[in-house]
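I have placed the structure first, in the form of structure tokens, so that the comments after it can refer back to it.
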């Protein structure tokens, strides 16, 4: 689990370094925000957050316990990867618009 969070930190740091070198700070919002949102949406798809209750209940009773645990594990890993990137994007947005 730590490796996905560390990978997210590395990607966020790489985007930060690229923005510094290119002197284009909007990259922080565009690239880190996009990576974070795509990872967040993928995690939502894995958990079944975008389906209705009947479909979720049908999926719950038709899948095995191992499949359900894998699905939740994948969504957790994606959230851990998305977290540093979303923090970078939100931090840039707050600094740019409110400070």
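The values are calculated or read from the model by the stated rules, or taken from the named source; none is laboratory data. Small disclaimer: the values here were computed from a predicted structure and weren't measured. Glycine also receives a Cβ, built like all others from the backbone with ideal geometry; neighbour counts cover every protein chain displayed.
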For this session: Evaluate the following for residue 93: is it touching a residue at least 60 places away in the same chain (Cβ under 8 Å) and surrounded by fewer than 15 Cβ atoms within 10 Å (Cβ to Cβ)?
Result: yes
Seminar exercise, completed: Quick count over the stretch 44-71, residues being more than 28 Å from residue 28 (Cα to Cα) and in contact with a helix residue (DSSP H, G or I) (Cβ under 7 Å, 6 or more places away or on another chain), is 2
For this session: Please tell me if residue 7 is surrounded by 11 or more Cβ atoms within 10 Å (Cβ to Cβ), without any contact (Cβ under 8 Å) to a residue 12 or more places away in the chain and closer than 19 Å to residue 81 by Cα.
Result: no
For this session: Please indicate, with yes or no, whether at least one residue in the stretch 18-30 is free of Cβ contacts under 8 Å to residues at least 40 places away in the same chain, more than 15 Å from the chain's Cα centre (by Cα) and either surrounded by 15 or more Cβ atoms within 10 Å (Cβ to Cβ) or more than 30 Å from residue 91 (Cα to Cα) (or both).
Result: yes
Seminar exercise, completed: Exception for residue 15 within (1) free of Cβ contacts under 8 Å to residues at least 60 places away in the same chain; (2) surrounded by 13 or more Cβ atoms within 10 Å (Cβ to Cβ) falls at (1)
Exercise. When you scan the stretch 12-98 for helices (runs of 4 or more DSSP H) that lie fully inside it, which ones turn up with 3 or more residues that are modelled with pLDDT of 95 or more and closer than 20 Å to residue 2 by Cα?
Worked result: 33-47, 65-98
Exercise. Do we find a residue being crowded, with 16+ Cβ neighbours inside 10 Å and either touching a strand residue (DSSP E or B) at 6+ places or on another chain (Cβ under 9 Å) or in contact (Cβ under 8 Å) with a residue 60 or more places away in the chain (or both) anywhere in the stretch 40-55?
Worked result: no
